[in-house]
Amino acid sequence: MTTDTHRVLRPSILYFGTPVVLLTTENDDGTFNLAPVSSAWALGQYVVLGLGCESQTARNLTVRPELVINVASPELWEQVERLAPLTGASPVPRSKRAVYRHERDKFGAAGLTPAGSDTVGPPRVAECGLQLEARARALTPGGGGLFLSVECEVIRVHADERIVVPGTQHIDPSVWNPLIYNFRHYHGLAPQVGHGFRSETAAAGAHGRR
């Protein structure tokens, strides 16, 4: 006989362990915005993002759909956190004024380095091991107008050679480690416990490459 030990809760947020990405988009004046996002998931060659409707990133993508989805790793958590209270929107939207402040140079404020992209205008973040050049294909409002779900088609993937299985097109999951946002705390991945039946890198994961 089992006993149900679960409780009914109403958490203020539902970031139950999601990856952190840094999005670069183009502003109206040709400069670039850099923003951390913790609502991102991939399906095939698409990445779906959740953005606040009043964010500068959402405004930019509405008129200029090119972006880079830079996937952060655990050692970048402090740079990510420096970006967290900043917004590229000016004036700062009324709903954000109590917490956020405007910052024009997000790269400088975070201590990160822009790197040229191949197929889109916005730059990559040099310090990120995975960088996905992409175009927003659909923006769908939700949450009573509070957020947008953005479907992004990935056009080109840049990966640090240290996280690639030699001689293949595969990311080595025994080496690559994304930054995870877990109920407003930053984490890396725990050690591997297994692999999926469709894994193409099981051997690399089993032997490791340190």
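Each value in this text was obtained by applying a stated rule to the coordinates, not by laboratory testing. In this text, all values refer to a predicted model and were calculated from it rather than measured experimentally. Every residue, glycine among them, receives a Cβ derived from its backbone with ideal geometry; neighbour counts consider all protein chains shown.
Quick notes
- Mean Cα-pair separation over length for region 16-207, i.e. relative contact order, pairs under 8 Å, 6 or more apart, %: 24
- Within the shell defined by Cβ-Cβ distances under 11 Å, the residues around V68 carry a net charge of -1, with Lys and Arg each +1 and Asp and Glu each -1.
- Over the chain, dividing the summed -39,500 (n - 2.57) contributions of all DSSP H runs of at least 4 residues by the number of residues returns a 222 nm mean residue ellipticity of -3000 deg cm²/dmol.
- Modelled FRET efficiency - R0 25 Å, N177 with A84, Cβ distances, 0.05 increments: 0.75
- In range of the label at A190: residues from region 1-25 whose backbone nitrogen is under 20 Å from the point 7 Å along Cα→Cβ: 5-7, 14-20
- Calculated from backbone phi, Karplus (6.51, -1.76, 1.60) coupling profile of region 70-78 in Hz, x at Gly/Pro: 9, 8, 7, 10, x, 5, 9, 4, 5
- Using only the C-alpha atoms, the convex hull of the chain corresponds to 165 Å³ per residue.
- For region 16-207, with +1 on Lys and Arg beta carbons and -1 on Asp and Glu, the positive-most of I69, N33, L86 along the dipole: L86
- Across V164, V48, V80, mean-square fluctuation computed from a Gaussian network of the chain (C-alpha pairs under 10 Å connected) peaks at V164.
- A Cβ-based charge dipole, computed about the Cα centre of the chain with Lys and Arg at +1 and Asp and Glu at -1, lands at about 580 debye.
- Here region 67-113 is treated with +1 on each Lys and Arg Cβ and -1 on each Asp and Glu Cβ, and its dipole about the Cα centre works out to around 380 debye.
- Highest-MSF residue in the chain out of A72, A136, A98 [GNM, Cα springs under 10 Å]: A98
- Charge dipole (Cα centre; +1 on Lys/Arg Cβ, -1 on Asp/Glu Cβ; no other charges) of region 103-210 amounts to roughly 160 debye.
- Residues of region 97-111 falling in the label zone of L146, defined by backbone nitrogen less than 20 Å from a point 7 Å along Cα to beta-carbon, are 97-101.
- The loop-placed chymotrypsin sites (Phe, Trp or Tyr not before Pro) in region 1-79, going by DSSP, that have at most 16 neighbouring Cβ atoms within 10 Å of their Cβ come out as Y15.
- Region 127-141 and region 86-123: distance between their alpha carbon centers, rounded to Å: 16
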